[in-house]
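Read-outs: derived from the displayed coordinates by stated rules, not from any lab. This one's a predicted model, so the numbers in the text were calculated from it and none came from an experiment. Don't worry about glycine lacking a Cβ; one is built from the backbone with ideal geometry, like all the others, and counts go over all protein chains shown.
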Amino acid sequence: MLVSPYAFLAQVVQFLVALAAAPLLTGWINQWRAWLQNKTAPSLLQPYYVLHKLFQKEAVAAENASPLFRATPYVVFGCMALACGIVPAVSTDLPLAPAADAIALVGLFALARVFISLAAMDVGTAFGTLGARREMLIGFLAEPALLMALFCASLITSSTSLSAIVNKMAHSQFQLYPSMAFAGVAFTIVSLAENARVPVDNPATHLELTMVHEALVLEYSARHLALLEWAASLKLFAYSCIGLALFFPYGVAQADAPLAMLISLPALGLKLAVGGFALALIETVSAKLRIFRVPEFLAVAFVLAVIGLLVHGLLGA
Amino acid sequence: MDRMLNLDTILTVITIWVGIGVIALVAPRRTRFIAHALFPASALLSLALGALAIHGLFAPPQATILGLGLPGLPFHWRIDSLSAFFLAVIGVASAGTSIFSAGYLRKGEGTAPGLQCLQYHVFLAAMALVVLADDAYSFMVAWETMALSSYFLVMANARVASIRSAGYLYLLLAHIGAIAVLLCFGVLQASTGDFTFANLRAQQLPPFWASIAFLLAVIGFGAKAGIVPLHVWLPEAHPAAPSPVSALMSGVMLKTAVYGLLRVAFDLLHIQIAWWGALLLGLGLLTAMFGVVFTTVQTDMKRLLAFSSIENLGLVFVGTGLALMFRTYGMQALSALALTATLFHVAAHALFKTLLFLATGSVLHATGERNLGKLGGLIRTMPWVAWLGLIGALAASGLPPLAGFVSEWLLLQTFLFTTHLPTSFLNMLVPVVAAAVALVAALSAYAMVKFFGVIFLGQPREEKLRHSRDASRCERIGLAWLAAGCVMLGLFPIHAIDGIDRVTRLLVGFGLGPTVHANGWLLLAPTSIQRASYSPVIFLLVLAASTAFTAIAARIVYHGRLRRVPAWDCGYPFQTARMQDTSEGFGQPIRQIFESFFRMHRDLPSPFDARPRYRVVVEDHFWYWIYQPVQALVERVARLAGRVQQGRISIYLLYSFLTLLMMLLLMGR
Amino acid sequence: MIALLTQAINLFAAILLILAFAMITQRRILNLVHLFTAQGLTLVAATLDVGYLTAQHSLYVSAAFAFALKVVVLPTLLHRLTDRLQVRFDVEPLLNTPVTMLIGILLVAFAFDLASPIAALSASIARATLGIALASVLLSFLMMITRAKAVPQVIGFLSMENSLFFAATAATNGMPMLVELGIALDALMAFLIGGVFMFQIREQFDSLDIRHLERLREE
């Protein structure tokens, strides 16, 4: 299986762009959240400064933390990096794309979720297990909803490979797909839940009883925490790119066209900027849900995605 | 000569198994000898059986007749691809269990070790003979032997009352199933009197009788597989048995039921009717949902795994139902895909469920506790069991790149292809079923995080847990063998699908082998790479590479210092091990969301109690809806019939006299 | 352009179904009114679309009428009503949300299955969306059944009328003008009477919880 040099270049560019730009996206969203709330915003590069600061610190771990606890940040970071490498954000000509399709991507997110829940349970404090329980509660409904939303796209393009989906949707005639409307609403809800955004979870909270994502990383410090924060940014980047790939796949470079990346990179930047603003807007106008309303919220996403599949069966689109 | 060699060798291996059991009878209390000589020998024989079975998978079918049995009713044995596949599963899973038992067997647990060894080997031999049987008679003999030997194994510790009642319930339901299977064979032979499978295959039953036979097969084999509502014996019998026996029952015995259903539905019945597949689909889905929801609320670690087995068998039935449905509509390729997913799941479940049960066996021996509320933190004192158990838990959750994910991937691919069924109702049904399967898979991950996290992670909830010892060497070998199986099956699914290809060709006339081969050994692509592909090896390599790269880079660019401190206590210094989540607490959100599935009884404390108590009892609705009314009815009928027995001799003489008069009257006509 | 507008009809139908579903799960009454307004807008857009594609000018009048009634008049009245009655939140619905949504999925599948042969007989350009319209009707009915306060029930009734309007457009390219006027007037009347009733209920029981009406039963 020989990989063409253009494909290899595209893959490397994809990885580098994801790793470098993910904290930038997080910084952009934080800026807009502050501006929409009439506050002074931190610098756009603030997440980079935070990562640099954390890496320099001395790592501190609980006395009874096991090797699983210490290995998890690296595993989770690896999972998110692989996820960013599979989603066709810059180009669809990715050599890694045949290795994992949409279902494997969802499985990859599930793997990361299981590992971080186990690591949270490892130290054996009340907060860790609380976070693990809540994370698995959100995950058990979000994962099937995401899968069904991806299936709506798969049914239209007869493929579960994300590159093939983007190729077909971007380069065939523009068409309005009603089932994608359902998938869109479902995907938005799932992204909010999985990336720990208001209305499911407040990423800036400091009250332990309201935490979901923060409770999972409560015991981590220094380079471990830096890797987990970076992994969270990568997850948000990956989800945004999946959303763009499903709903706005225009401008992504195709096979054997490396110069097209010169167009697709700015296009990606523009799309992510608009998407980030939309996310900040949704976060500002929503209130955080009570924890037991979250399964209902996610059940809405799940049901909408299933109805999207049924609508596809009815209308053929 | 090579043609007959395979089947004869297999039968010889099975006979040696029984021979080992008989040898153990010679000195029933010599635990050392049995544990260190007999069980490892048995494990080697299992490996040999597995190898022979894999060889038989690719060879043409062989048959033989043994003169044992009744005159005029000899035993027919035959090995074809379907038998060979299940035989391979039996061989590989039992190898791990036998070598584990070599380290697990201890004195003083009820039945003598020698007797247990005999029952164990008879059980193994009976399971192998079930899949090799070529006529209904030998099938039923092997089936009953399997049920009886496993009953005795479950009752190994018969002094405990709950174990006795669990065993009794198991035997009862096993026999109800056996009666249904017997009736099924009776219908299939259509009054020809010849019970060989070759004859049953040749019968052309009218659709009504074929449906009756199919329903009887579903009831009979479903009772053994633990399909709702005939599942009530599973959560009782599996925890009651010793752990290697639970592992074999869950990992292997349930699969013989799947074998039976596949044999009857696809091979022996010459037609298939559409609603059969829909029935299996519905039953499987109900079982899977029921099983997984109950798994998340259990507090006994072996009951948790038993309900997880119910869930996985439900998914297997869903796949079988899909394959049947597609075959009815003549969609052979889709039927083969669904059947491949099902058989892969059978193999994967055999491996990871056996691994998990054996891990709980080690934990039970080390700590003496089965209750999740009294375990915790065992990853520090029992690292071997914990890390190998982690592989099993990840495989059970269906996470890439392990074995459980591949079967889920294949099953979901099948759902995606199915938008062109003739009935629009089925077209509407399929996305809903796909969504339900995805939901079941996600919930099983929840349950496995609970299982692994509460037992092995966190702080020990009891003081004595700090003194637990890790598994012995033989136990470690057994666990490692099964864990390696999970990993290998997950990383190299192409080779397994090659073998399964033979089975699907036999059952539905189509196989995925050529298509899968065309895309190389690295990439799994059932139809085309454009359509869907998955490469577990590349997946694992890239994941491992990025993990390692990140670890090394962080250390080089910055530093790798680590300091140990007490855990974060939020300013409250009196934290105890009891303040982490209990198993009830971890499952409480699911219990609240799925409240209607349970029959729940809660005692809540009031603020005025001097000694507040909280008690929650979660039970099974089916017990109260079906079994108790049936039991009440049976008791009433028995009481009515009991009126005949008056206890007075003159009455009994009167009965004999009346019978004599009746016969003379009938003779006179 | 024509192809795009034809696909847009399916899209509007899908949005209608999404809104009907969202209404089942909403608890805040103000949000319900907003969703109802959005439904009205979707309806107007769809009617204009069908009118343009089939060159039936009566549909333009229909659309204007619907705009006036469903997007301007009725939401304003609903706003005033909720203000005066001082209702904000609905109480716990009679069936909990997951079960309601499960029943919703089954109703949708049932409606789709039912509508496929009927859609084959229709000659309208929007006939494929008949199943969706039917599903919206059933979902609005479900919403009416499972609510425990009076205002959401009225909104459910109005939403059902919206879906019927869309179903008529889908099946027969709009109803005859007289029938439409009649139906619209009926809806308006029902709404006004419903409003009067709500004040009466509130006066009698000091609350809009309809379960209090059970007290009026003869013992």
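The sum of -39500 (n - 2.57) across all DSSP H runs of n ≥ 4, divided by the residue count of chain B, sets its helix-only mean residue ellipticity at 222 nm to -22500 deg cm²/dmol. Of the DSSP H helices in chain A, those with a Cα length along their own long axis of 27 Å or more and a mean Kyte-Doolittle hydropathy reaching 1.6 comprise A:102-122, A:261-285, A:294-315.
Using only the alpha-carbon atoms, how far is helix C:57-66 inclined from the longest principal axis of chain C? Give it as 0 to 90 degrees, nearest 10. Orientation of helix C:57-66: about 20 degrees from the principal axis.
Just how large is the dipole of the range C:2-212 about the Cα centre, in debye to the nearest 20, putting +1 at every Lys and Arg Cβ and -1 at every Asp and Glu Cβ?
Result for the range C:2-212 is approximately 280 debye, rounded to the nearest 20.
The mean number of Cβ atoms from other chains found within 10 Å of a Cβ in peptide B:396-409 is 3, as a whole number.
The Rg/Rh ratio for the range C:1-45 is 1.10, where Rg is the radius of gyration of the alpha carbons and Rh is the Kirkwood radius.
For the range B:166-259, what D do you get in µm² per second when you plug the Kirkwood radius from alpha-carbon pairs into Stokes-Einstein at 4 °C and 1.567 mPa s? Numbers along the way, then the final one.
Values: Rh = 14.3 Å.
The Stokes-Einstein estimate is 91 µm²/s.
In peptide C:105-117, how many Cβ atoms from other protein chains are near each Cβ within 10 Å, on average? Please report the intermediate quantities before stating the final value.
Numbers: counts 9, 2, 0, 8, 11, 2, 2, 10, 10, 1, 2, 6, 1.
Taking all residues of C:105-117 together, the mean is 5.
When the Cα positions of B:G668, B:A125, B:M325 are compared along the charge dipole of the protein assembly as shown, B:A125 comes out farthest toward the positive end, with charges on each C-beta of Lys, Arg, Asp and Glu. Compactness of chain B was expressed as the Cα radius of gyration divided by 2.2 N^0.38 Å, which yields 1.02.
Are any of the pairs B:K255/B:K353; A:K39/A:K288; B:K224/B:K450; B:K302/B:K374; A:K53/A:K288 more than 22 Å apart by Cα-Cα distance, and if so, which?
Values: B:K255/B:K353 12 Å; A:K39/A:K288 20 Å; B:K224/B:K450 28 Å; B:K302/B:K374 14 Å; A:K53/A:K288 30 Å.
Pairs exceeding 22 Å: B:K224/B:K450; A:K53/A:K288.
Mean residue ellipticity, 222 nm, helices only, chain A: the sum of -39500 (n - 2.57) across DSSP H runs of n ≥ 4, divided by residue count and rounded to 500, is -24000 deg cm²/dmol. From the alpha carbon centroid of the range B:66-132 to that of the range B:439-511 is 22 Å.
Neighbouring Cβ atoms from other chains, within 10 Å of the Cβ of residues in A:180-190, number 2 on average. Projected label points at B:V617 and B:F492, each 7 Å from Cα along the beta carbon direction, are separated by 5.3 nanometres.
Treating each Cα of the protein assembly as shown as an identical point scatterer and ignoring solvent, apply the Debye formula and state log10 I(q)/I(0) at q = 0.10 Å⁻¹. At q = 0.10 Å⁻¹ the computed log10 ratios are -1.41.
Packing here is the average count of other Cβ atoms within 10 Å per residue, and on that basis the peptides B:351-364, B:177-190, highest first, run B:351-364, B:177-190. Here the relative contact order of chain B, from alpha carbon pairs under 8 Å that lie six or more residues apart, stands at 12 percent.
Magnitude of the Cβ-charge dipole of the protein assembly as shown, K/R +1 and D/E -1, about the Cα centre, nearest 20 debye? Don't jump to the answer; show the numbers that get you there.
Numbers: 75 positive and 59 negative charges, 476 e Å.
Dipole magnitude for the protein assembly as shown comes out near 2280 debye.
Axis of helix C:74-85 versus longest Cα principal axis of chain C: the two differ by about 10°, to the nearest ten degrees.
The label point for B:V557 and the one for B:Y627, both projected 7 Å from the Cα toward the Cβ, are 5.9 nm apart.
Just how many % of Cα pairs in the range B:383-534 lie over 20 Å apart, if you round to the nearest whole percent? Intermediate values should be presented prior to the final figure.
On the way: 7217 of 11476 pairs.
Counting pairs separated by more than 20 Å, the tail of P(r) holds 63 percent.
Estimated from the Cβ-Cβ distance and a Förster radius of 35 angstrom, the FRET efficiency linking A:F248 and B:F608 is about 0.05. Here the gap between B:V22 and B:S596, fully extended at 0.36 nm per residue and compared with their Cα-Cα distance, gives a gain of 201.6 nm.
If you take the alpha carbon atoms of the range B:312-388 and fit the smallest convex hull around them, that volume is 92 Å³ per residue.
All Cα-Cα separations within chain C were binned at 10 Å from zero, giving a P(r) of 8, 33, 34, 19, 6, 1, 0, each value a whole percent of the pairs. Projecting the alpha carbon convex hull of chain A along each direction and taking the average yields 16.5 nm².
The charge dipole of chain B, taken about the Cα centre with unit charges on the Cβ atoms of Lys, Arg (+1) and Asp, Glu (-1), comes to about 1600 debye, rounded to the nearest 20. Solvent-free Debye calculation, one equal scatterer per alpha-carbon of the range B:269-356: log10 I(q)/I(0) at 0.11, 0.23, 0.24 Å⁻¹ equals -0.34, -1.03, -1.08. In a shell of Cβ-Cβ distance under 12 Å around C:G40, excluding C:G40 itself, what net charge do Lys and Arg (+1) and Asp and Glu (-1) give? Spelling it out: positives minus negatives among the neighbours equals 0.
Using DSSP to call loops (not H, G, I, E or B), can you name the trypsin sites (Lys or Arg not before Pro) in the range B:448-484 whose Cβ has at most 13 other Cβ atoms within 10 angstrom? Could the numbers behind the result be given before it?
Numbers: sites: B:K450, B:R461, B:K464, B:R466, B:R469, B:R473, B:R476; in loops: B:R461, B:R469.
Passing both the DSSP loop test and the Cβ count: B:R469.
Report the rotationally averaged projected area of the range A:1-154 based on its alpha-carbon convex hull, in square nanometres.
12.5 nm²
Could you work out the relative contact order of chain A? I mean the mean sequence separation of Cα pairs under 8 Å and 6+ apart, divided by the number of residues, in percent.
Working: 494 pairs, mean separation 97.1, N = 317.
Once divided by the residue count of chain A, the mean separation gives 31 percent.
Each Cα pair under 8 Å and six or more residues apart adds its sequence gap; the mean of these over the residue count of the range C:2-212 is a relative contact order of 24 percent.
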